[in-house]
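The structure appears below as structure tokens.
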Amino acid sequence: MGFNYTPNLMESFIVQINLLNLKDSASIILIGGNDSYLAECLLEKGFKNITILDESVSDQRKKKTGLGEMASEIKWVICKVSDYVPVRQFDLWCDCTTFFMLNKQVLIDQYVETAKKVVSGFIIISTFSEYGCREYNGLVVKHYKEYDLSDLFKSDFIKFKSIKADQATSYNLNQNFLVSILKHKSEQ
């Protein structure tokens with residue numbers, strides 16, 4: 001289930017990623033992959049080691065089509081985040097579309113544990129802020145304050161930066177998002 005971000009919000013993700021000063025060889029995993037816009041921007045910026053994890057075969061097919069020839073430069077994984085068995089470490093875990101849809105604590109805990117196992121650098125997660133919508137695509141969504149995500153990951157990560165951003169949805173509603181950047185404690 002994709003979430004249609006405008007290029008403006010995706011550009012703010014690119015700005016945040018640029019602040020991390022990652023090498024173009026950094027291993028990056030995009031959770032959900034949004035509409036492939038972020039992957040395309042990262043490839044155009046010279047990043048060469050990108051993985052997109054998405055549970056939907058049809059969504060991945062659309063993303064590959066949208067990327068055209070660039071799709072062959074990406075590693076594609078089809079599974080739920082909670083079922084992902086990591087085979088390597090990532091310098092950056094970037095999730096624009098998946099975490100905010102998890103509304104059961106067991107799924108949130110599985111997600112957090114998976115991320116903690118595979119990320120040696122940074123995590124960027126977009127969630128609905130406390131001012132965001134109550135439902136999205138018929139699902140009740142969870143809301144977060146700045147310290148909530150830091151608390152979930154506190155055993156291994158510290159808060160690096162948080163920003164709030166408004167996003168127009170496909171229903172022409174303006175939603176307030178919280179974008180949190182967490183830094184692995186080993187990066188200090």
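Stretched out straight at 0.36 nm per residue, the stretch from S82 to D148 would grow longer than its current Cα-Cα span by 21.8 nm.
About its Cα centre, the dipole of the chain is roughly 280 debye, where the only charges are +1 on Lys and Arg Cβ and -1 on Asp and Glu Cβ. Taken about its Cα centre, region 131-188 carries a charge dipole of roughly 120 debye when the Cβ of each Lys and Arg holds +1 and the Cβ of each Asp and Glu holds -1.
Net charge near K145: determine it from the other residues with C-beta under 13 Å of the C-beta of K145, scoring Lys and Arg +1 and Asp and Glu -1. Residues near K145 contribute -1 overall. A crude spin-label estimate for the pair M70 and S155, with each label 7 Å from Cα along the Cβ direction, gives 3.7 nm. Structural size metrics of region 114-188, computed from C-alpha coordinates, are Rg and Dmax of 13.6, 42 Å. Between the residues L22, F100, L42, the greatest Cα displacement towards the positive end of the dipole of the chain, with unit charges on the Cβ of Lys, Arg, Asp and Glu, is found for L22.
Counting lysine pairs in region 72-160 that sit 8 or more residues apart in sequence, or on different chains, and whose Cα atoms lie under 15 Å apart gives 7.
May I ask you to derive the relative contact order of region 7-187, considering only C-alpha pairs under 8 Å and at least 6 residues apart, and to give it as an integer percent? Reported as a whole number, the value is 18 percent. Electrostatic bookkeeping for I31 treats Lys and Arg as +1 and Asp and Glu as -1; over the other residues with beta carbon under 9 Å from its beta carbon, the sum is -2.
The slack in the chain from A168 to S120, taken as 0.36 nm per residue of separation less the alpha-carbon distance, amounts to 14.0 nm.
Quick note: the coordinates plus some simple rules give every number you see, no bench work behind them. Being a predicted model, the structure only gives us computed values, none of them experimental. Cβ atoms come from the backbone with ideal geometry, glycine included; neighbour counts cover every protein chain shown.
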